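Data block below; observations after.
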């Protein structure tokens, strides 16, 4: 998409500011930039002689969003694009590059949030037992799955895990999550045992003399990619006959769901998942609600 040079400079400044202020990941920065490039290209196509982002009006933004709706884009997509525009124009206003924020009176629609399909405890057990433990790669995969399910890490946090982040004696991981916010993620005895077994019996064979602080490595001694790990989960799920639509965060969702099913408080789950806002964790509230209803029915004399 064609972006005028002056607009491209503004996007560079905005991306740098996001990285410095919030420490956002490259994927998140690229997402912001792509949304804004799309709007810049739309402005340029509509009126090449007046396509500066700093000149855009409230009407321009509304017309752009209307065009996205007409193109049958998902509501979640247009909502994200509006969020990118709002943050960008707040930045320009703060920097004194505009005198009025054109996104100010545009309300972000409230989207219905759906809880991704989770796995039952039996299905998780099947998935964990799928790797071939006679192979170094199978032992690595079992350890990764165990750590992921025990800690609720994001996949990106798991594949980038370093030895310096692991406290084997205390049974915790020190994780740098979104926005460069640090949290402690506890590990159970089972996942610690698998992690210890992998690091002693399989990792040296995979590294073959290569030195790295990354815990989970490929046969080339490099960190695994998100895509490669996602492929592994799908392959193991297919192998054990799990037909559900899985997502890269399947075990993370199972972690939260099973914690709540066994009595964990929603705010504890929020801390363990590393959600900055409780509203993000509230997609799991129906689980807590159902648990309370069952407890009431079981223990109340009028239940």
Among residues of segment 184-208, those that are over 15 Å from residue 136 (Cα atoms) and surrounded by fewer than 17 Cβ atoms within 10 Å (Cβ to Cβ), counted: 6
What number goes with the only condition from (1) surrounded by fewer than 19 Cβ atoms within 10 Å (Cβ to Cβ); (2) outside the structural domain of residue 10 (by TED's automatic domain parsing) that residue 102 does not pass? (1)
Every residue in segment 160-175 that is surrounded by 20 or more Cβ atoms within 10 Å (Cβ to Cβ) and either outside the structural domain of residue 214 (by TED's automatic domain parsing) or at pLDDT 85 or above (or both), please. 161, 173
With criteria (1) more than 17 Å from residue 147 (Cα to Cα); (2) surrounded by 15 or more Cβ atoms within 10 Å (Cβ to Cβ), residue 231 comes up short on (2)
Set 32, 89: member being touching a residue at least 40 places away in the same chain (Cβ under 8 Å), assigned by TED's automatic domain parsing to the domain that holds residue 12 and either buried (at least 16 other Cβ atoms within 10 Å of the Cβ) or within 30 Å of residue 155 (Cα to Cα) (or both): 32
Qualifying positions in segment 44-76 - outside any helix (DSSP H, G or I) and loosely packed, with under 12 Cβ neighbours inside 10 Å: 47, 57, 71, 72, 74
The conditions are (1) within 15 Å of residue 36 (Cβ to Cβ); (2) in a loop (DSSP other than H, G, I, E, B), and residue 96 fails exactly one of them. Which is it? (1)
Hey, does segment 215-227 have a residue that's at pLDDT below 90, under 19 Å from residue 118 (Cβ atoms) and in the same structural domain as residue 188 (by TED's automatic domain parsing)? no
State yes or no: is residue 27 modelled with pLDDT of 85 or more and either assigned to a helix (DSSP H, G or I) or farther than 14 Å from residue 92 by Cβ (or both)? no
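The values are calculated or read from the model by the stated rules, or taken from the named source; none is laboratory data. Worth saying up front: this structure is predicted, and the values here are computed from it rather than measured. Reconstructed Cβ throughout: ideal geometry from the backbone, glycine too, with neighbour counts over all protein chains shown.
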